[in-house]
Amino acid sequence: MKIVLVEGDITEQRVDAIVNAANSSLMGGGGVDGAIHRRGGPEILEECRALRASRYGRGLPTGQAVATTAGRLPARWVIHTVGPVHSRSEDRSHLLASCYRESLVVADALGAGTVAFPAISTGIYRWPVEDAARIAITAIRQAAPTVVEEVRFVLFSTAAYAVFDSALRDIG
Ligand code: AR6
């Protein structure tokens, strides 16, 4: 599985699936979640509502992932995952790693060859980017084989790009 880093906006990526850093409600929010729903249109929220009604009455648990249409976005699917809020008192890194792993499992089931990820939990959920980058790249490297050939990390700032670049060089 090839890992590619780009600086940019995930809603503009021409890939099979983009991953959304959602919250358990699946009803939208700020950050990348807000951007995806805004640019993708109401179809995505409609499918999220249906998922709440059918499979996730109590919300999508942290660390899990589920797919919907990508609406008007250039991607084919949006994979929604719920990152953990960063905590100083509790190590939640296994939940952050789980977001990447479970998103790849969903991508595999869809037959998605290219998948774009944002830096999950590093915005509103306050995860330090250095740590999040190491966890993200390690999780991708340790994931079971899938049909996914390219994982693209889409970093929203030059600073975040530099951190992921350094982590990728270290981990390989
Ligand atoms: N493309 C790529 N990355 C982006 C974009 C974009 N268009 N917009 C923001 N980022 P965040 P979280 C980066 O806050 O920390 C929502 O309200 C951003 O700079 O979007 O997992 C949800 O509903 C940061 O590096 O997600 C949840 O309630 C990264 O994406 C909560 O926020 C993640 O920041 C989830 O918080």
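Data for the structure
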{"quantity": "Added length on full extension, which subtracts the Cα-Cα distance from 0.36 nm per residue, Asp108 to Val147", "calculated": "13.5 nm"}
{"quantity": "Positive-end residue of Thr114, Leu95, Pro128, charge dipole of the chain with Cβ unit charges", "calculated": "Leu95"}
{"quantity": "Within the stretch 1-51, trypsin sites (Lys or Arg not before Pro) in DSSP loop having at most 12 other beta-carbon neighbours inside 10 Å", "calculated": "Arg14"}
{"quantity": "Spacing of the two label points (7 Å from each Cα toward its C-beta) at Lys2 and Arg88, in nm", "calculated": "4.3 nm"}
{"quantity": "Sorted by Cβ neighbour density within 10 Å, fewest at the top, the residues Cys99, Cys48", "calculated": "Cys48, Cys99"}
{"quantity": "Which of Thr68, Thr138, Thr81 has the fewest Cβ neighbours within 10 Å, and the rest in rising order", "calculated": "Thr138, Thr68, Thr81"}
{"quantity": "Choice from His94, His80, His37 showing the highest fluctuation, given a GNM over the chain with Cα pairs closer than 10 Å", "calculated": "His94"}
{"quantity": "Between the stretch 63-112 and the stretch 121-166, the alpha-carbon center distance in angstrom", "calculated": "12 Å"}
{"quantity": "Average projected area [Cα convex hull, the stretch 2-171], square nanometres", "calculated": "8.8 nm²"}
{"quantity": "Chain lengthening between Thr69 and Ser166 when straightened (0.36 nm per residue, less Cα-Cα)", "calculated": "31.6 nm"}
{"quantity": "Farthest positive-ward along the stretch 2-171 dipole, Cα basis, beta-carbon charges - from His86, Thr146, Ser25", "calculated": "Ser25"}
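No value in this document is a laboratory result; all are computed from the given coordinates. Quantities reported herein were computed from a predicted structural model and do not represent experimental measurements. A quick note on method: Cβ atoms are made from the backbone with ideal geometry, for glycine too, and the neighbour counts reach across all protein chains shown.
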